[in-house]
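The values are calculated or read from the model by the stated rules, or taken from the named source; none is laboratory data. Computed from a prediction, not measured in an experiment: that's the story for all the values here. Quick reminder, even Gly has a Cβ in these numbers, built from the backbone with ideal geometry, and neighbours come from all protein chains shown. Note: accessible area is taken over every heavy atom of the protein model, side chains too, but ligands, DNA and RNA are not part of it. Shrake-Rupley method; radii C 1.70, N 1.55, O 1.52, S 1.80 Å.
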Amino acid sequence: MNQKPFKTHNQQLVILRNRGLIVPSEAKRSLEQIGYYSIINGYKWLFLQRDSNGNVIHPEKYITGAQFSDIQNLYDFDDELRSILYNSLLKYESILGAELSYRFSEAHEEEHAYLAMDNFDRNPKNMATVVRTISSLSNTLKKESGKRDSNAIKHYVNQHGHVPLWVLVNFLTFGDLNYFYKNMTRDTKIQVAKDFTLLKKRTYHLKQQHAITPDIIESINHLVNHFRNAVAHGEITFSKKINKPSVLTSFKTVLNEPNLKFSSQAGVFELIISLKIVLPKKEYSKLSRKIKGLLNEYQNKFSSVPFSAVLQDMNFPKQYALYI
């Protein structure tokens, strides 16, 4: 038997009403345009009744006063949040790609140096990841050079017989960049980290700036990689959590924010704070203004739960405006 039989939009409305959700008839349009799974199963959790241990009760029932508009507003909020984060994540992706290609090419000037294992971390424990990185780069070259349409890789292969790294990075995913950085030699990582330290000092007009270490860059890349994928694929973002890298506490020193506290798992707040370390001041200020504007826009749009519940899912502290 089909455990999840087809339900019409009208039947879906009845299911929601039977579970205690206040649903106007026009909510049917959202189900038609977005889909029950995407809007309800994705964003219902804040509005469900829970037992004394905080677990959702079964069968599911909505809290008193919960409205379909609450779920719709949370869906819209998350959609706008992804759009804001996406632009900033792309900016960091561009900066990181330029940094890696410049410093790696400076250290290894031979053609296709990025396909040679000797130019990466020589630790035997990391050999498998180095091989995977080189294989990924090689596959990108093969795929792009074999396309019918013209592109930069195809041009360099046909005209010059090789593809410089500063061309190749424009065709790599952030995941590729993340692993490329992880597999570089320690000396090259240190140089990249020094460049980010100088970038922050220069764009923020600071006389002194605590050093941004390679481990901090690696932690930021770890955060960005997870959220970059979620944002790009339209996944639920506001409540996304990942295991907190131990070096995350070093962010407080770099940002000169000793009172900054982080949750046990990293979320949107930690992501934004990490971008404050690596983005130029002008770019980060744009992100900060847009995030604060989004929060102000939605703070009074939820009738059945306080907006602080949304902020809590994002790991935002009460006085978040002091930090972002």
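Carbon-plus-sulfur fraction of the accessible area of the chain, 1.4 Å probe, in percent?
On the way: 8270 of 17240 Å².
Heavy-atom surface of the chain belonging to carbon and sulfur, 1.4 Å probe: 48 percent.
Roughly how many nanometres apart are two label points built 7 Å out from the Cα toward the Cβ at I242 and E111?
3.7 nm
Students often get this wrong: which residues of segment 174-208 have the backbone nitrogen under 16 Å from the point 7 angstrom along Cα-to-C-beta of N151?
Residues 174-177 qualify, since their backbone N sits under 16 Å from the label point.
Please find the FRET efficiency linking N87 to H162, where r is the Cβ-Cβ separation and R0 is fixed at 22 Å, and quote it to the nearest 0.05.
0.10
Quick check on the chain: what are the equivalent-ellipsoid semi-axes from the Cα gyration tensor, as sqrt(5λ), descending, whole Å?
42, 26, 17
Using Cα springs under 10 Å in a Gaussian network model of the chain, which residue among N225, N183, N259 shows the largest mean-square fluctuation?
Comparing N225, N183, N259 in the GNM, the peak value goes to N259.
Go through W166, T133, F180 and say which Cα lies farthest out towards the positive end of the charge dipole of segment 127-239; charges sit on Cβ, +1 for Lys and Arg, -1 for Asp and Glu.
The residue sitting farthest along the positive end of the dipole is W166.
Hey, what do the phi angles of segment 308-324 turn into as Karplus ³J(HN,Hα) couplings, whole Hz, using 6.51/-1.76/1.60 and θ = phi - 60°, x for Gly and Pro?
4, 5, 5, 4, 5, 5, 8, 6, 6, x, 4, 9, 4, 5, 6, 10, 9
Between L294 and Y102, what length in nm is gained on full extension when 0.36 nm per residue of separation is reduced by their alpha carbon distance?
Gain on stretching L294 to Y102: 65.5 nm.
What fraction of the Cα pairs in segment 214-298, stated in percent, has a spacing above 23 angstrom?
Roughly 20 percent, once rounded to a whole number.
Could you do me a favour and compute the accessible area per residue for the chain, 1.4 Å probe, result in Å²?
Per-residue accessible area for the chain comes out at 53 Å².
Please identify the longest segment of the chain free of exposed chymotrypsin sites (Phe, Trp or Tyr not before Pro), where exposed means a DSSP state other than H, G, I, E or B and no more than 14 other Cβ atoms within 10 Å.
It runs 7-203.
Computed over the Cα atoms of segment 1-136, what is the convex hull's projected area averaged over all directions, in nm²?
15.0 nm²
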